[in-house]
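Undergrad: Handing you a structure now.
The values are calculated or read from the model by the stated rules, or taken from the named source; none is laboratory data. Because the structure is predicted, anything quoted here is derived from the model rather than measured. Cβ placement follows ideal geometry from the backbone for every residue including glycine, while neighbour counts extend to all protein chains displayed. For accessibility, only protein heavy atoms count, side chains too; no ligands or nucleic acids. Shrake-Rupley method; radii C 1.70, N 1.55, O 1.52, S 1.80 Å.
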Amino acid sequence: MQPIAVDVICQHTRDGELIPLRIRLLDEDGIYQIHKIHEYQLLTHQGTHTTADGVYITDCTLIFVCKIILLGQLKLIRLYYEPDRKIWRMTA
């Protein structure tokens, strides 16, 4: 699956950590849907490479594995944040 660009509402802690709180996705009807992130885990940096889901990452890319409720079901997604470009991407 190709990563898709998403809007993310996040929190910055006083220690400089980033906490994703919600994502906003465009549905099939062209309407934005907001989904709360119920749990997340920040994965450690593993160097520059292409992930198993086809996303090219660098040492700076932050990777979050998150749980959201989508269409009534718990789903695992991955959020990729590129601080240099200030871009969030998602894969399911």
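Undergrad: Any chance region 2-16 includes a residue that's under 16 Å from MET90 (Cα atoms), of a type outside the set (Val, Ile, Thr), open to solvent by less than 40 Å² (accessible area, probe 1.4 Å) and part of a strand (DSSP E or B)?
TA: No, there is no match, as no residue in region 2-16 is under 16 Å from MET90 (Cα atoms), of a type outside the set (Val, Ile, Thr), open to solvent by less than 40 Å² (accessible area, probe 1.4 Å) and part of a strand (DSSP E or B).
Undergrad: Need at least 3 residues that are at negative phi and among the charged types (D, E, K, R) per element, so show me which strands (runs of 3 or more DSSP E) inside region 51-92 make the cut, counting only ones lying wholly within it.
TA: In region 51-92, the matching strands (runs of 3 or more DSSP E) lie at 73-82.
Conditions tested, residue by residue: (1) within 15 Å of ALA5 (Cβ to Cβ); (2) touching a residue at least 12 places away in the same chain (Cβ under 8 Å); (3) surrounded by 12 or more Cβ atoms within 10 Å (Cβ to Cβ).
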position	(1), (2), (3)
LEU18	no, yes, yes
ILE31	no, no, no
HIS38	no, yes, no
GLY47	no, yes, no
THR50	no, no, no
CYS60	no, yes, yes
ILE68	no, yes, yes
LEU71	no, no, no
ALA92	yes, yes, yes
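Undergrad: Further question on the same structure: Kindly evaluate ASP29 against the criterion of being acidic (Asp, Glu), over 20 Å from GLY72 (Cα atoms) and either assigned to a loop (DSSP other than H, G, I, E, B) or at pLDDT below 90 (or both).
TA: no
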